[in-house]
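Notes follow the structure.
The values are calculated or read from the model by the stated rules, or taken from the named source; none is laboratory data. Bear in mind that the values here come from a model prediction, so they are computed numbers and not experimental data. Cβ placement follows ideal geometry from the backbone for every residue including glycine, while neighbour counts extend to all protein chains displayed.
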Amino acid sequence: MKKDDKILKKEDLLALDKEALVALFSSQINELSSENKQLETKNQQLSQSILAYEAKLRQATQEYERLMEQVILAKKDRFGSKSEKSTSNQLNLFNEAELFSSESTNEEPQEYPEEANKKKRSASKIKQNHMLDDAKLRVEEIIHDLSESEKEGYECVGKETKKLLKYQPSEWYVEHHIYPKYRLNTNHENSEFKSAPMAPSLFSGSSITSSALAHIISLKYNLALPLYRIERDFHAHDVNISRQTLSNWSIRASEEYFSYLVLRMREFLLKEPILHVDETTVQILNHQDGSTNKKSYMWLYRFGAYNSRPLLIYDYQPGRSHVYPLEFLKEYSGYLQSDGYQAYDKLIHVKRVGCLAHARRRFIEVKEVSNKGTEGFIMASTILKQINHIMALDKKASVLSLEEKQLFRLEKEKPSLDQFKQLLIQYQPVVLGKSHLGKAIAYSLNQFESFERVLEDPRLEWTNNAAERAIKPFVMGRKAWLFSNTTRGAQSSAALYSIVQSALENKLHVERYLTYILDEMTQKNITNENQFDYLLPNSVSLPDFCYQKSKNKN
């Protein structure tokens, strides 16, 4: 009944006959049914609006969480630790001495923070680290004895020894090489003169010697000291040599000596069945190759981690395009382990092997930006636990022979890898693709074929850590010297890093080894490409004095 209809009273209804009553009630029922349908339609519209607003709210919440993830990660990248190792407390930059003064608090760094068992250093190991090893250091004995009168009536029953660490500053000195000249005693006007032959020099007209140049190269490419600090140290020792001269000597040494060894190292490297690769930026102020890039790159190629006598090649290039590794590896067809950088996918003639550590790192970041107990935190934790399980299994297999390791991987590690993939497939539909977790899952799934390739050869690694460790010395050096002035300087640095870091990988004493190279090459003319193979960092023909005293060359 409409609002403006007349309201019938009881006596009015009693006055109506049966047919009128039926007609009246039918009319009202129809009106109520129509109103009910209209209310149902409005209710459906309101429900749809509520669902739409809930979806928008959910989307806005997810977008907010995604943006907050980026903010947290940006803060961590700028202010936080770059290490994935778990530590009990943050290092105090201004209290380092006090922080490490208590030996009882030292702990071994953990490679996998999700592992439950954390081993502490034993007291004996800590004590051993602080002992002064007589076998490695020169020992001088100073006897503090009583006078003869004080010893009268006594007999010696033993002695007490106290060890002290001493330092003797390095010494720079000048050698005067004198060549007396002799004239033949004769009455002829054109007398014959004779003197000893001149000793060969590194560079024509230069006063630098092999030992001095080896020290300079070691300071920069081993200890990461910039040239201005080396110059300052030289001036403190009354050696007035400019940084420009130091730079010129290093570049000439690279071009005239070490570059020949690096070319041979590259030939041997390309014959290896397994290589690791990584790259990092380097700034060039004055390009000499026509490039205008603000960011140039230093590429790192090295032997597989299984090889105990590896070679490392640093290769400077003006960019990060796939054309650079494609050119370097054009004759290579073995396994190439790298991160997920897409440029490596274009090297179709190699067998790409992925890095599980890079995938793992992304899920660690998810945990860092997620609140504990949230769905994303739980998912990331579950995936990390599975990755850590794979790595823990492989660590156990490291003591096995290659044949046993391959069987172990197929029996134990492959099922764990399959379970890891199933977790990724299970979680992907229920997470936002743009979220950090969604991107981490997508990355792992995109790289999964390269992960599975590890199972093809027991010499392969689950991670590309070998390359990342090898490129770190260059990164640390870059923080000190910031940039290369010229393209020529960057190319020379690449060659010197190749020699120095390969030497360290082979347990060589850098300065003694570089001195030996320079002495050997200065005295000989280059006649063939393999003439100096005995000088390569992984050569078994190097003399014992080239090796670190604390290391065995085998």
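Which strands (runs of 3 or more DSSP E) sit wholly inside the range 279-327 and have at least 2 residues that are surrounded by 15 or more Cβ atoms within 10 Å (Cβ to Cβ) and assigned by TED's automatic domain parsing to the domain that holds Ser493?
On the way: elements: 284-286, 296-303, 312-317.
Ranges flagged: 296-303, 312-317.
For beta carbons closer than 6 Å, sequence separation of 6+ or different chains, a first residue in the range 527-546 that is touching a residue at least 60 places away in the same chain (Cβ under 8 Å) and a second that is part of a helix (DSSP H, G or I) and among the hydroxyl-bearing types (Ser, Thr, Tyr), the qualifying pairs are Pro537/Ser502. Beta carbons closer than 8 Å, at least 6 apart along the sequence or on distinct chains, pair a first residue in the range 229-244 that is surrounded by 15 or more Cβ atoms within 10 Å (Cβ to Cβ) with a second that is assigned to a loop (DSSP other than H, G, I, E, B) for Glu231/Ile241; Glu231/Ser242; Phe234/Trp172; Phe234/Asn240; Phe234/Ile241.
Okay, residues lined up against (1) modelled with pLDDT under 85; (2) loosely packed, with under 10 Cβ neighbours inside 10 Å; (3) within 30 Å of Asn371 (Cα to Cα):
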residue: Lys9; (1), (2), (3): yes, yes, no
residue: Val22; (1), (2), (3): yes, no, no
residue: Ile29; (1), (2), (3): no, no, no
residue: Glu35; (1), (2), (3): no, no, no
residue: Ser47; (1), (2), (3): no, no, no
residue: Tyr53; (1), (2), (3): no, no, yes
residue: Thr61; (1), (2), (3): yes, no, yes
residue: Tyr64; (1), (2), (3): yes, no, yes
residue: Leu67; (1), (2), (3): yes, no, yes
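Yes/no per residue for (1) modelled with pLDDT under 70; (2) more than 30 Å from His358 (Cα to Cα); (3) among the aromatic types (Phe, Trp, Tyr); (4) loosely packed, with under 10 Cβ neighbours inside 10 Å:
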{"site": "Lys3", "(1), (2), (3), (4)": "yes, yes, no, yes"}
{"site": "Asp17", "(1), (2), (3), (4)": "no, yes, no, yes"}
{"site": "Lys56", "(1), (2), (3), (4)": "no, yes, no, no"}
{"site": "Ser81", "(1), (2), (3), (4)": "yes, no, no, no"}
{"site": "Ser88", "(1), (2), (3), (4)": "yes, no, no, yes"}
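Taking the stated definitions as given, is Leu202 under 36 Å from the mean Cα position of the chain (by Cα), part of a loop (DSSP other than H, G, I, E, B), surrounded by 12 or more Cβ atoms within 10 Å (Cβ to Cβ) and not assigned by TED's automatic domain parsing to the domain that holds Met476? Outline the logic, then answer.
On the way: under 36 Å from the mean Cα position of the chain (by Cα): yes; part of a loop (DSSP other than H, G, I, E, B): yes; surrounded by 12 or more Cβ atoms within 10 Å (Cβ to Cβ): yes; not assigned by TED's automatic domain parsing to the domain that holds Met476: yes.
In short, yes.
Of all residues in the range 341-362, those satisfying the criterion of being under 14 Å from the mean Cα position of the chain (by Cα) and not charged (D, E, K, R) are Cys355, Leu356, Ala357, His358.
Please list, ordered by first then second residue, the pairs with beta carbon atoms under 8 Å, 6 or more apart or interchain, first in the range 248-271 and assigned by TED's automatic domain parsing to the domain that holds Ile216 and farther than 26 Å from Ser206 by Cα, second at pLDDT 95 or above and among the β-branched types (Val, Ile, Thr). Matching pairs, first to second residue: Met265/Ile313; Arg266/Ile313; Leu269/Ile313.
The one condition from (1) at pLDDT 95 or above; (2) assigned to a helix (DSSP H, G or I); (3) closer than 27 Å to His358 by Cα that Lys479 does not meet is (1). Residue count for the range 431-454, restricted to those that are over 21 Å from Gln62 (Cβ atoms) and surrounded by 15 or more Cβ atoms within 10 Å (Cβ to Cβ): 7.
Suppose we filter the range 213-228 for residues that are in a helix (DSSP H, G or I), over 19 Å from Lys524 (Cβ atoms) and touching a residue at least 24 places away in the same chain (Cβ under 8 Å); how many remain? Spell out the reasoning first.
Narrowing the range 213-228 to residues in a helix (DSSP H, G or I): 213-221, 227-228.
Filter again for over 19 Å from Lys524 (Cβ atoms), leaving 215-221, 227-228.
Add one more test, that the residue is touching a residue at least 24 places away in the same chain (Cβ under 8 Å), and what stays is 215-218, 220-221, 227.
The total comes to 7.
Of the listed requirements (1) at pLDDT 95 or above; (2) within 25 Å of the chain's Cα centre (by Cα); (3) surrounded by fewer than 23 Cβ atoms within 10 Å (Cβ to Cβ), Ala503 misses just one: (3).
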